[in-house]
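Please treat every number below as a calculation from the coordinates, not as lab data. This structure is a prediction, so every number in the text was calculated from the model and none was measured. Virtual Cβ from ideal backbone geometry, glycine too; neighbours counted across all protein chains shown.
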Amino acid sequence: MKSFLKEVILEVQGTTEKISDLIFLVPSKRAGLFLKKELLETYPDQTLFAPIILSIEEFIVRLSGLQQMDNVQTLFEFYETYLNTHTHLEKEDFETFSNWAQTLIYDFNEIDRYCIDHKSFFAYLSGIQDLNHWYLQKEKTELVKNYIRFWENLMDYYNNFKNKLLSKKIGYQGLLYRKASEDIQAYINTENRTHILVGFNALNNAEQIIFQSLLEANIAQVYWDADHFFMENTYHEASLFLRTYKNQWEYYKKNPFQWVQNNFSEEKDITLVGVPKNIGQAKSIGQILTSVPKSEVEKTALVLADETLLQPLLNSLPNTIEALNITMGLPLKEVPIAAFFELLFSLHKNSSSKGFYYKLVVEILNSLPAYRILGFEATRLINTISKENIVYISLDKLQEKASDKEKQALKLIFEPWKDVTTALENCRKIILLLKNNLDKKNDELELEYVYHFHLVFNKVFTLHNSYQYIETIGSLYTLYKDIMMSETLDFSGEPFSGLQLMGMLESRCLDFETVIITSVNEGVLPAGKSMNSFIPYDLKRAYNLPTYKEKDAIYTYHFYRLIQRAKKVYLLYNTEDEGVGGGEKSRFLLQLDIDKRPKHKLTKYVVSAEVPMLTNQPLQIKKNEAVLLKLKELGAHGLSPSALTTYIRNPMDFYYKYVLGVTETEQVEETIAANTLGTVIHNTLETFYKPLEDKFLTIEDINKMRNQIDVELRDQFRQEYTKLNITQGKNLLIFEVAKQYVYNFLKAEEKLIKDGAQLKILAIESNLKTKLEIPELDFPIYIKGKVDRIDELDGQVRIIDYKTGRVGRNDVVIMDWDIITDEYKYSKVIQVLAYAYMQHNENPISKAFQAGIISFKNLQEGFLKFGTKESIRGKANYEITNTVFDDYLLQLKKLILEIFNIETPFIEKEV
């Protein structure tokens, strides 16, 4: 394959002029670099002066005599113009201004690049906006008047901005182009060397003026990279611009349009690959690259239409790729430290007088940069926030137990940003701390990240000092984001060795034998109607400004030019219909199918991951001697009713919680959880009833407790949640629910006494523990627990368990003893009988007694007594006798023997 640049050099060789005396103009610096490489290969044994090789951007800077500004500086310069134009009008702050000014600057840029008569253009634009509000002609509001005035003032903004920049000899890209096109004749008068224009396609009006002027002055030759197939098929967008130049330029009315070749129709092996998701594309490219011979790797280009694929792709490259040249930079916003500063800005933008919201604080403390700075102190602080249930946290609280060094670091991160200067100083010091905590040998990449953020904040600091318009943290964040959008981490490497990895624009003028293009989807390639502009579509058409149609044609040309000379082409697209760039494959792929040439071999396939057949095997853990030893310790310490019911619900939960000791991570509760509500009510009732043990309950006791409900509940909530606010929102509602539960409970107790019942409190929150006699086991087994209440109602002893959830009578009445340890719905029976047996075994009750539940969500049912019955319609027997205990213990021992059987594994149950 002979590359386009090689063909240009061979053609130029045949002219009478020495190649050293020429000036080459190319679309990009990268194209210029490859042109030098081709020159070296064309003149291997000769020593000669290299010709001047300029990218079009460099040539425009030379012609205009202006220095190009970046987008951020342009924004600040325009804000100065905005403030100093029509000073009698009310002006917006920088943060609000920047939301619309970027779009307006883009429009100014287009107007200048296309050398539009701005006077008529802005008059036309303001007229359109006025016409849009014609129906309000008689009653225009102040808002509408200001809106129309804004459009009428655009010409003044533009003129003042342009004159200001020209006086400083600086400009945005479009202004440089307009100035260059105006000065081209002066340049021609002083320059007689031949200009070789190489591989251009979509020229703006300023470039067309410059190129035509050079051609008509007979000091230029144009080498287009065109193809017969595209030029002859007028429907094809790939040659839209080249056909226009051929038909409209005066130069081509006298001279032939040269350099139309026939490369696209040559032999090609094109493979269309559908792959689900971006990561799938990265993995699939890794497989494709393994099939590329080592000798062909340097002639292979991997082109990323979606540049966010860079990181997953770098992690998917096969070992066969020994060298790699990356021409695109890694966006700085993609590196880990960017997420840290994003969180930091979010924290300080949303801070309040109550302190910092815990979720953001925890996220920051969990980040790698925070760990680099604070070490294990970050983990300790996270645990403190969870343990103390702190929803809003202050810097003082964070510094409470920290060392002096840690206090200083915490101050830098969490000190409230009272102004922009404080924010910038703290960010710069954080970067310095990060640098000092990194190892030069082991953390090279992280140091590179840190260095680039050092440059970013230095740039922000310089802009802040130079322009003094950043007054709020919001405007600082906007500026930071604008800078981050364009900052990249550039890779260094040998430009011509190994696999060439590049973006679509970097591929201009370059040719490769094997080309792999990713993300060939609608919305990515081409990008579609994603244009930010204040200029209506019809106005753009009237003034020949580029619309989305022209943008699509540019993408079309780049796509087809890239595969024009290639022998092997892989085109990958995302098959998943998710968001932008997903699902719909690009029209280019359909067009390739329709325009398939006789020598083209077109293959299509869809890649899918191999999905193994899922077999729903429950998780099993076999018991060994170590597990049995732990179980023996549990048995000796005492198995609680909740431990036994946990095993019934799911043996794996029992294994995790009671054998391994794995507990749930403590989390901050912004809203009072159901289990905490139960704890608070239990503790409140314990406080109320504990002094009444061995006493009969009276109306006076109940009245006294009723008067203390509010105070006692607040105290109990405070003990559970030190910092939680229960005076507003959902927590206030839950607090009121707790009050109502306790009030209704006391009311039910009061009704019993008023009806003449004698209620004696025997014990409150009584700790019980008793030994189970299991002859099959040669080690002791105990059950233990804390019974909420034991009382005596009219001579009837009752064992009572409180439940804040809903419990019905059917939950505590059984017909078949054999199933109570098989089904979790009988867990309430297991629990209340465990309390009853422990109480009876340790403090024998001489007469039959009852055990049951009081449900706070079902108080109207009263005391829900455990009972047994023979049939569904049969009458329940609520008395607990030795027979009941014998039946219960038979099932309980069966359950415990299963738990302690080394041959029976812990098997996960489907819950």
On the formula 1/(1 + (r/R0)^6), with r taken between the Cβ atoms of V711 and L368 and R0 of 45 Å, the FRET efficiency rounded to 0.05 is 0.45
Out of G65, L602, A836 - ranked by how far each Cα lies towards the positive end of the dipole of the chain, with unit charges on the beta-carbon of charged residues - the top one is A836
Share of Cα-Cα pairs in the stretch 20-92 beyond 15 Å, in percent? 69 percent
The summed charge of the L10 Cβ neighbourhood (under 12 Å; Lys/Arg +1, Asp/Glu -1) stands at -2
Kindly write out, for the stretch 341-356 in residue order, the coupling ³J(HN,Hα) from the Karplus curve 6.51 cos²θ - 1.76 cosθ + 1.60 (θ = phi - 60°), rounded to whole Hz, with x marking Gly and Pro. 5, 4, 5, 5, 5, 4, 4, 7, 5, 9, 6, 9, 5, 6, x, 8
Note to self, the chain gives a 222 nm [θ] from helices alone (DSSP H runs n ≥ 4, -39500 (n - 2.57) apiece, / all residues, nearest 500) of -15000 deg cm²/dmol
Between the residues L732, L489, L272, the Cα farthest towards the positive end of the dipole of the chain, that dipole coming from +1 and -1 charges on the beta-carbon of Lys, Arg, Asp and Glu, is from L732
Less than 16 Å from a label point 7 Å out along the Cα-to-Cβ axis of T244: which backbone N atoms in the stretch 509-543 qualify, by residue? 537-543
Distance in nm between pseudo-label sites at K354 and D816 (7 Å out along the Cβ direction from Cα): 5.3 nm
Measuring from its Cα centre, the stretch 673-755 shows a charge dipole (+1 at each Lys and Arg Cβ, -1 at each Asp and Glu Cβ) which, in debye to the nearest 20, is 320 debye
Which entries in K690/K784; K268/K529; K747/K803; K769/K893; K299/K567; K162/K529 show an alpha-carbon gap greater than 22 Å? K268/K529; K162/K529
V606-Q68 FRET efficiency (beta carbon distance; Förster radius 41 Å; 0.05 resolution): 0.35
Here the gain from full extension of T379 to K168, 0.36 nm per residue of separation minus their alpha-carbon distance, amounts to 70.6 nm
So if we plug the beta-carbon distance of N262 and E448 into 1/(1 + (r/R0)^6) with R0 = 56 Å, what FRET efficiency do we get, rounded to 0.05? 0.75
Dipole in debye (nearest 20) - the stretch 206-301, about Cα centre, beta carbon charges: Lys, Arg +1; Asp, Glu -1: 240 debye
Which of the aspartates and glutamates could be linked to K568 by a straight reach, that is with a Cα gap under 15 Å, when you skip same-chain ones fewer than 8 residues away? E266, E267, D269, E296, E298, D511, E513
Please work out the Cα convex hull volume for the stretch 333-489 and give it in Å³ per residue. 107 Å³
Might you report the magnitude of the Cβ-based charge dipole of the chain about its Cα centre, with Lys and Arg at +1 and Asp and Glu at -1, to the nearest 20 debye? 500 debye
Just one of (i) 43; (ii) 61; (iii) 55 is percent of Cα pairs over 40 Å apart as worked out from the coordinates here. Which one is it? (ii)
Counting sequence-distant residues (5 or more places) and residues on other chains, those with an amide H built under 5 Å from that of L489 are L330, L332
Give the residue from Y469, A301, Y555 lying farthest towards the positive end of the charge dipole for the chain; charges sit on Cβ (+1 for Lys and Arg, -1 for Asp and Glu) and the dipole is referred to the Cα centre. Y469
Of the trypsin sites (Lys or Arg not before Pro) in the stretch 749-812, which ones lie in a loop per DSSP and count no more than 13 other C-beta atoms within 10 Å? R806
Entries of K333/K407; K91/K333; K411/K435; K179/K254 with Cα pairs more than 23 Å apart: K333/K407; K91/K333; K179/K254
How about the stretch 339-418: which trypsin sites (Lys or Arg not before Pro) there are in a DSSP loop, with at most 14 other Cβ atoms within 10 Å of their Cβ? K354, K401, K418
Using the structure shown, select from K387/K704; K29/K599; K277/K657; K29/K604; K760/K865; K164/K429 the pairs with a Cα to Cα distance greater than 27 angstrom. K387/K704; K29/K599; K277/K657; K29/K604; K164/K429
To make sure I understand, if each residue's beta carbon is the centre and we count other beta carbons within 10 Å, what order do W224, W100 fall in, fewest to most? W100, W224
